[in-house]
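Every read-out reported here was derived from the displayed coordinates using simple, explicitly stated rules and does not represent laboratory data. Nothing here was measured: the structure is a model prediction, and the numbers come from that model. Neighbour counts run over all protein chains shown; Cβ positions are idealised from the backbone, glycine included.
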Amino acid sequence: MSIAVSQSSNHLLAALPAQEWARWLPKLELVDLRLGQVLYESGGKMNHVYFPVNAIVSLLYVLEDGSSAEIAMVGNEGIVGVSLFMGGQTTPSRAVVQSAGKCVRLSAAKLMKEFNGSMPVLHLLLRYTQALITQMTQTAVCNRHHSLDQQLCRWLLLSLDRLDGNHVNMTQELIANMLGVRREGVTEAAGRLQKAGLISYARGKIEVLDRPGIEQRTCECYQVVKAEYDRLLPDLVAF
């Protein structure tokens, strides 16, 4: 059915040529994503792909003991479900809604038909996938080699890039789950950022007061990821 959202609501959709967009439009569906909603589980069949509009979806790796860590996040710059068109059909990660909002959904069968039948679509989605892989790789490096303060700043900047405004609604416990660290560590790191006047935190809402200050405090990982998205997808709307 036709959707009540413009092509520019998701940057990846906005990069589709006019002919492809006209063909896609009747196949798309606008849906609401709830906080904590699981879009797919590890090893599960994917029935749809998702193009977030004002929501953020975290891709998490979950260990046998139930602990987890975020390996990437997807917002209005991209698509959730790349393993479908990469040929793997499933993935060992879990996709969970980190920030509630709206999303454009397309059935897996229709996406595969477009991917296999249109070179512009194929090239666009493959470039996006390479950028996403860079984010995953850099996240692993960051979690291993950089301080929790730097990791939190990187996470905040990536989240802000995918949201309107300067607020992130997220409890410290959820942030700890995303980063794969203890809640006490996040509390201390957030406290240091707040004491420095960079953020304000209360009741699960983080307000970034000084983005340039956050950018100076983070490690190089944020800029590496952003630069790769800009290089591979220059026709997308800038973050």
- Message: Residue by residue through the stretch 204-209, what is 3J(HN,Hα) from phi via Karplus (6.51 cos²θ - 1.76 cosθ + 1.60, θ = phi - 60°)? Round to whole Hz and write x for glycine and proline.
- Response: x, 10, 9, 10, 7, 8
- Message: Can you give the log10 of the normalised intensity I(q)/I(0) at q = 0.11, 0.19 Å⁻¹, computed with Debye over equal Cα scatterers of the stretch 7-118?
- Response: -0.34, -0.98
- Message: Which order do the peptides 14-26, 97-109 come out in when sorted by mean C-beta neighbours inside 10 angstrom, highest first?
- Response: 97-109, 14-26
- Residues Gln223 and Asp32, FRET efficiency given R0 of 35 Å [Cβ-Cβ distance, rounded to 0.05]: 0.60
- Final fewest-first order of Cys153, Cys219 on the 10 Å Cβ neighbour count is Cys219, Cys153
- Task: For Tyr40, list long-range residues whose amide hydrogen, built 1.01 Å from N in the peptide plane, is under 5 Å from its own amide hydrogen.
- Result: Ala95
- Task: Note the angle between two axes, namely the Cα long axis of helix 148-161 and the longest principal axis of the Cα atoms of the chain, as a number of degrees from 0 to 90, rounded to the nearest 10.
- Result: 40
- State whether the stretch 147-218 is rounded, prolate or oblate according to the following rule on the C-alpha gyration tensor (a ≥ b ≥ c being the square roots of its eigenvalues): a/c under 1.5 gives rounded; otherwise a/b larger than b/c gives prolate, and the remaining case gives oblate. rounded
- For Ser118, the residues 5 or more places away or on another chain with a placed amide H closer than 5 Å to its own amide H are none
- The ³J(HN,Hα) series, computed from each phi in the stretch 13-28 with the Karplus coefficients 6.51, -1.76 and 1.60 at θ = phi - 60°, rounded to the nearest Hz and given as x for glycine or proline, is 5, 5, 7, 5, x, 4, 5, 5, 4, 4, 6, 6, 3, x, 8, 8
- Message: I want to check the label-to-label distance for His146 and Arg192. Put each point 7 Å from Cα in the C-beta direction and report it in nm to one decimal.
- Response: 1.4
- Task: Among Ser67, Ser147, Ser9, rank each residue by its count of other Cβ atoms within 10 Å, from fewest to most, as a rough exposure measure.
- Result: Ser67, Ser147, Ser9
- Provide the descending list of Cα extents for the chain along its principal axes, expressed in whole angstroms. 52, 38, 30
- With the stretch 27-91 reduced to its Cα atoms and the Debye formula applied, log10 I(q)/I(0) at q = 0.20 1/Å amounts to -0.89
- Message: Please list 3J(HN,Hα) in residue order for the stretch 43-60, calculated via the Karplus relation 6.51 cos²θ - 1.76 cosθ + 1.60 where θ = phi - 60°; whole Hz, with x for glycine and proline.
- Response: x, x, 6, 9, 8, 9, 10, 10, 10, x, 9, 10, 10, 10, 10, 9, 9, 10
